[in-house]
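Beneath this line is the structure, given in structure tokens, with notes to follow.
The values are calculated or read from the model by the stated rules, or taken from the named source; none is laboratory data. Remember, it's a predicted structure, so these values are computed and weren't measured experimentally. Virtual Cβ from ideal backbone geometry, glycine too; neighbours counted across all protein chains shown.
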Amino acid sequence: MTQRAPAPDATPAGLASSQDTGQGTSQAASPFEARPASGGPSATATPPMLEVRNLRSGYRGRPVLQGVSFAARGGECLALLGPNGSGKTTLLRSLSGVLHAQEGEVFLQGRSLVDMKPRQRARLAAVVPQGGEYPRELTARQMALLGRYPHLSWLGCYGRKDYAAVDEALEACGAAALAPRRLAELSGGELQRVLLARALAQESPLLLLDELASGLDMARMAGLFDLLERRRAAGACVLMAVHDCNLAAIYATRLLGLKAGKLVFDGPVDAVFTEEKLSALYDIPIGVLPHPLWGLPQALLARAHGPRSHDSFAACPGDACFGDAGAGPGFDAVVSFGPAAGFTNRDAGR
């Protein structure tokens with residue numbers, strides 16, 4: 001396991017926040033990796049890559065997000081946690097400009113989102129949405145090539161650089177063999193890899209990912225999240241909505257908890273990945289134990305009044321495993337340790 005490059009301070013001056021954030025800096029390593037902010041000043045002298053101020057957003061006058069505020073810089077990976085319907089997808093849509101804010105402001109590298117044209121936004125932020133309909137007759141390579149649209153010249157023609165960026169992105173996502181296949185022929189997991197390749201080919205410094213792990217097998221999931229970790233270490237900013245909180249604990253530098261449209265916590269993994277915060281977020285008893293190999297915090301779902309799912313838990317009676325989570329004899333435990341390989345992001349000694 002290699003040590004993660006630390007993330008920079010995510011809270012800009014003047015932004016009210018009561019949560020902790022990580023610290024550090026990073027630089028881009030190659031043309032394919034995320035480009036650092038222009039101008040050359042240190043991270044603390046430049047605007048955050050993403051800043052959200054008192055954001056209220058929703059649908060047809062129905063508010064979903066209620067005063068969400070946070071900021072993120074290059075070199076950070078933020079995992080957005082929360083139950084179904086908490087507003088995670090609404091937040092990502094609002095940050096990408098697909099959904100207009102009812103109140104508040106969103107800034108990309110110091111520029112207001114509402115003052116930017118779609119192509120300008122796309123040069124700064126790439127999105128992998130959840131679900132959606134796509135032209136099924138397109139090939140995977142044609143789909144990935146759409147990520148180059150923000151970089152087209154006024155003639156609107158793709159060049160060598162565009163095709164090279166697409167081929168490199170498909171290769172990085174393990175989707176090179178899918179290039180000639182039509183989208184109608186792809187499984188859900190294969191389509192996810194193609195959509196990520198499209199986002200990487202876009203070469204935007206901010207990645208907004210909505211349930212990227214959906215439909216992926218364990219090996220593919222580990223490979224793609226290792227790829228995102230390399231992007232983060234090279235200076236990109238990653239904001240991903242995830243349901244697997246254990247996956248988030250392994251790969252994220254910061255966790256944001258969203259419940260009923262409100263941000264209920266925001267901080268580094270070690271500070272906010274606790275039984276109290278997770279149990280309150282999901283309204284169910286959750287215990288936290290160290291990973292048996294790396295010592296990273298991992299969550300276990302504790303449910304009272306149910307048969308034991310594994311006899312191996314007989315040696316771990318109730319409170320000895322879950323502390324204040326409230327599980328006792330007869331609890332049902334479900335364990336998820338995230339990807340089985342590729343734990344390159346977090347150091348066991350941290």
Those residues of the stretch 84-107 which are touching a helix residue (DSSP H, G or I) at 6+ places or on another chain (Cβ under 9 Å) and surrounded by fewer than 16 Cβ atoms within 10 Å (Cβ to Cβ) amount to 98, 100, 105
Going through (1) of a type in the set (Lys, Arg); (2) part of a loop (DSSP other than H, G, I, E, B); (3) free of Cβ contacts under 8 Å to residues at least 12 places away in the same chain one by one, residue 161 fails only at (2)
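Each row is one residue, and each column tells you yes or no for (1) part of a loop (DSSP other than H, G, I, E, B); (2) of a type in the set (Phe, Trp, Tyr); (3) touching a strand residue (DSSP E or B) at 6+ places or on another chain (Cβ under 9 Å).
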position	(1), (2), (3)
93	no, no, yes
104	no, no, yes
119	no, no, no
122	no, no, no
141	no, no, no
147	no, no, yes
156	yes, no, no
Only one of 311, 283, 319 is of a type in the set (Asp, Glu) and modelled with pLDDT of 95 or more, namely 283
inquiry  = Quick check on residue 229: is it on the phi < 0 side of the Ramachandran plot, surrounded by fewer than 21 Cβ atoms within 10 Å (Cβ to Cβ) and part of a helix (DSSP H, G or I)?
reply    = no
Flagged in the stretch 192-222 as assigned to a helix (DSSP H, G or I) and either at pLDDT 95 or above or crowded, with 24+ Cβ neighbours inside 10 Å (or both), in numbering order, are 192, 193, 194, 195, 196, 197, 198, 199, 200, 201
* To do: Determine, yes or no, whether residue 81 is buried (at least 23 other Cβ atoms within 10 Å of the Cβ) and within 26 Å of residue 235 (Cα to Cα).
  => yes
